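The values are calculated or read from the model by the stated rules, or taken from the named source; none is laboratory data. Here the structure is a predicted model, which means the values were calculated and not measured. Glycine also receives a Cβ, built like all others from the backbone with ideal geometry; neighbour counts cover every protein chain displayed. Heads up: the accessible areas ignore ligands, DNA and RNA and are worked out on the full protein's heavy atoms, side chains in. Shrake-Rupley method; radii C 1.70, N 1.55, O 1.52, S 1.80 Å.
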Amino acid sequence: MSFFFNPVDSPSVRLDWLAGLSKKLLAAGSKNEVLDLIDDALSVPRPGGDPGELESLAMLYRGQIDAVSGVHDQVDRVGRKSLSEVWVGDTSVLASDVVSAAARSVDQMREAFQGCASVLLTLSDAIGAAQRKDEQGRGQLLEQKKMLGGRDGFFDDLHENDEEEWDRKNAAHFGSYAVDLMHGAVSDAQEATRVAARDLNKWASEARAGKMQTSELTPADKLMLADTGVAGADAELNEILTASDLERASTRMDLLSLDDEMAMERMLATSDSPQERAYLMKALAAGHSVDEIQTFQNKIHGKDPAWMSRHLTPVVTASDSMDDEGLAPDGSNNNKDEVSFDGQRWIQGGDGSEGTCVASSTVTSRAMVDPVYALELTGGPDGQQDDPEAFKQRLVAEQHRLHTEGDGGKNWGGMGPEGQERINDNEVGRATGSDYQRQDLNSAADRRAVLTDVENSVAQGHPVPVDVSGDKGAHAMTIIAQEGDMLQVYNPWGETTWVSEDDFINGHMGKASDSDLPNAYSVYLPQQ
């Protein structure tokens with residue numbers, strides 16, 4: 001009896017099914033069994049997609065580049081005028097700053113159109129190649145089916161002469177090879193689609209100003225908020241407001257009462273720097289009330305942007321952080337960046353001695369998405385402290401609080417998955433509007449399949465906890481960013497580094513910790 005494939009089944013199911021068919025063909029003991037298995041393979045749907053349509057869409061994107069370049073020239077001409085003392089928008093931003101932000105936005109738009117066109121052309125080529133490989137496999141299966149002829153009757157199947165045996169084995173051999181071609185086609189198409197989704201999601205997340213739909217701010221205000229980065233750092237790697245921040249701040253701005261809306265606009269208008277405005281909006285995005293944000297502004301108002309960066313942004317990504325500098329003797333990347341406040345690392349136990357990796361990762365993740373919380377840790381009750389020892393005491397106390405709430409083990413060691421999910425929901429999810437759900441990763445295929453969700457989450461600004469294991473135990477870290485095929489990982493040993501998708505998939509996560517902890521065995525994905 002032949003099996004007919006359900007066309008709604010996923011590519012992963014198709015891969016498993018075809019892999020099984022290839023092995024079954026080599027082991028088939030009768031002509032009828034070979035014919036049934038060939039029919040089963042032919043029932044698997046072909047790789048979908050229209051390469052011509054994808055190519056046409058790519059050309060459409062590419063055709064917009066000249067138009068965007070014309071806009072850039074106009075913005076550039078305006079930027080050369082003397083605008084430094086002109087104030088615009090509801091929040092009193094300098095026109096010269098807005099024009100500079102507009103120029104950068106147009107540059108990013110041009111890069112996005114070019115990038116999307118390249119992604120779609122690459123996907124078109126890959127889908128076309130996969131379909132041709134699939135067609136080659138199907139053609140060979142049909143040839144073997146024709147060569148075998150009709151099905152044997154009951155008595156025919158009782159005896160097989162040497163020639164019939166040769167024909168059966170030959171058909172099984174070439175049929176297995178043909179099924180392997182079809183398997184490769186599905187695999188190629190699946191991977192090409194995953195990479196395209198990753199890159200298109202990233203470009204979409206970087207269309208930043210459009211994330212703010214609120215009618216309470218002018219386009220100039222929105223543009224400046226979306227463009228503002230951490231002081232003294234690569235702006236494109238260190239925007240203060242993530243894509244998700246911009247959307248949540250916009251939604252919450254529209255829900256404010258008239259009095260709260262006016263108070264929020266006054267705070268933005270009286271801010272001394274673009275960074276101060278961006279941190280106020282990030283506090284709104286994190287769910288704080290206008291009264292809480294007013295108290296927060298009283299603590300940061302008048303501070304220079306470098307002070308705000310140090311106190312409010314735990315992780316600052318260096319422009320050279322993705323450079324490959326090889327591996328240290330313990331199997332970790334040499335190129336690691338310290339995560340610290342005034343020389344005191346954001347590290348579990350304050351010195352790395354405790355096993356509170358889950359709680360410590362969660363503390364840092366919340367500080368990354370909530371500047372009010374970050375200032376409570378770095379600046380103390382009045383927000384004005386610059387004392388690394390006092391910060392260490394507050395940091396460890398907060399790690400212990402979350403470790404206890406997550407039912408962590410005695411002597412500050414270990415935490416179960418239920419506790420890990422709960423404290424991420426309560427601490428990080430409360431600020432981002434997310435509900436974290438654990439997803440087990442039992443194989444390289446599982447890790448590959450989850451990558452799109454992981455990368456889309458971090459592109460939006462949602463940290464993704466990741467658990468790793470090895471012969472000597474387990475450890476919790478957090479994936480915090482993605483660029484191309486690289487993932488940025490925060491390790492609560494007080495450092496960040498970048499690993500490749502291949503590292504994540506194939507058991508090389510020791511590059512973010514050490515060689516004793518190579519395998520990613522679970523992630524916690526934020527659900528909106």
Checklist (1) in a loop (DSSP other than H, G, I, E, B); (2) of a type outside the set (D, E, K, R); (3) touching an Asp or Glu at 6+ places or on another chain (Cβ under 8 Å) applied to Gly419, failing item: (1)
Single unsatisfied condition, Asp370 versus (1) closer than 28 Å to Ser457 by Cβ; (2) among the acidic types (Asp, Glu); (3) open to solvent by 50 Å² or more (accessible area, probe 1.4 Å); (4) touching a helix residue (DSSP H, G or I) at 6+ places or on another chain (Cβ under 6 Å): (3)
Hits in the stretch 34-48 (condition: buried (at least 18 other Cβ atoms within 10 Å of the Cβ) and either in a loop (DSSP other than H, G, I, E, B) or under 30 Å from the mean Cα position of the chain (by Cα) (or both)): Val44, Pro47
Residue within the stretch 462-482 that is over 23 Å from Trp346 (Cα atoms), acidic (Asp, Glu) and crowded, with 21+ Cβ neighbours inside 10 Å present: no
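Let's see how each residue does on (1) among the hydroxyl-bearing types (Ser, Thr, Tyr); (2) under 21 Å from Ala226 (Cα atoms):
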position: Thr270; (1), (2): yes, yes
position: Arg277; (1), (2): no, yes
position: Asp291; (1), (2): no, no
position: Gly326; (1), (2): no, no
position: Ser340; (1), (2): yes, no
position: Gly355; (1), (2): no, no
position: Thr364; (1), (2): yes, no
The stretch 221-259: number of residues that are basic (Lys, Arg) and at pLDDT 90 or above: 2
Of residues in the stretch 204-220 being buried (at least 17 other Cβ atoms within 10 Å of the Cβ) and not acidic (Asp, Glu), the one modelled with the highest pLDDT: Leu217
Residue list for the stretch 336-359, restricted to those being surrounded by 19 or more Cβ atoms within 10 Å (Cβ to Cβ), over 11 Å from Gly494 (Cβ atoms) and not small (Gly, Ala, Ser): Glu354, Thr356, Cys357, Val358
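Only residues that are of a type in the set (S, T, N, Q) and within 25 Å of Asp199 (Cβ to Cβ): list them for the stretch 438-479, please.
Gln439, Ser443, Thr452, Asn456, Ser457, Gln460, Thr478
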Residue count for the stretch 483-496, restricted to those that are more than 17 Å from Asn519 (Cβ to Cβ) and either in contact with a Leu (Cβ under 7 Å, 6 or more places away or on another chain) or surrounded by 23 or more Cβ atoms within 10 Å (Cβ to Cβ) (or both): 3
Subset of the stretch 269-303 [closer than 19 Å to Gly380 by Cβ and either of a type in the set (D, E, K, R) or modelled with pLDDT under 95 (or both)]: Glu292, Lys299, Gly302, Lys303
Failed condition for Lys31, given (1) more than 20 Å from Glu143 (Cβ to Cβ); (2) modelled with pLDDT under 90; (3) open to solvent by less than 50 Å² (accessible area, probe 1.4 Å): (1)
Filter pass, Asp337 being within 23 Å of the chain's Cα centre (by Cα) and free of Cβ contacts under 8 Å to residues at least 12 places away in the same chain: no
Scan of the stretch 251-267 for residues that are of a type outside the set (A, V, I, L, M), assigned to a helix (DSSP H, G or I) and either open to solvent by less than 60 Å² (accessible area, probe 1.4 Å) or farther than 17 Å from Ala286 by Cβ (or both), ordered by number: Asp259, Asp260, Glu261, Glu265, Arg266
Complete set of residues in the stretch 306-323 that are over 22 Å from Thr478 (Cβ atoms) and surrounded by fewer than 20 Cβ atoms within 10 Å (Cβ to Cβ): Ala306, Trp307
All positions within the stretch 378-428 that are open to solvent by less than 40 Å² (accessible area, probe 1.4 Å), in contact with a His (Cβ under 9 Å, 6 or more places away or on another chain) and hydrophobic (A, V, I, L, M, F, W, C): Met415, Ile423, Val428
Checking Glu143 against (1) over 18 Å from Leu35 (Cα atoms); (2) modelled with pLDDT of 90 or more; (3) open to solvent by 40 Å² or more (accessible area, probe 1.4 Å), the condition it does not meet: (1)
Tally, over the stretch 328-382, of residues that are closer than 26 Å to Gly473 by Cβ, assigned to a helix (DSSP H, G or I) and β-branched (Val, Ile, Thr): 4
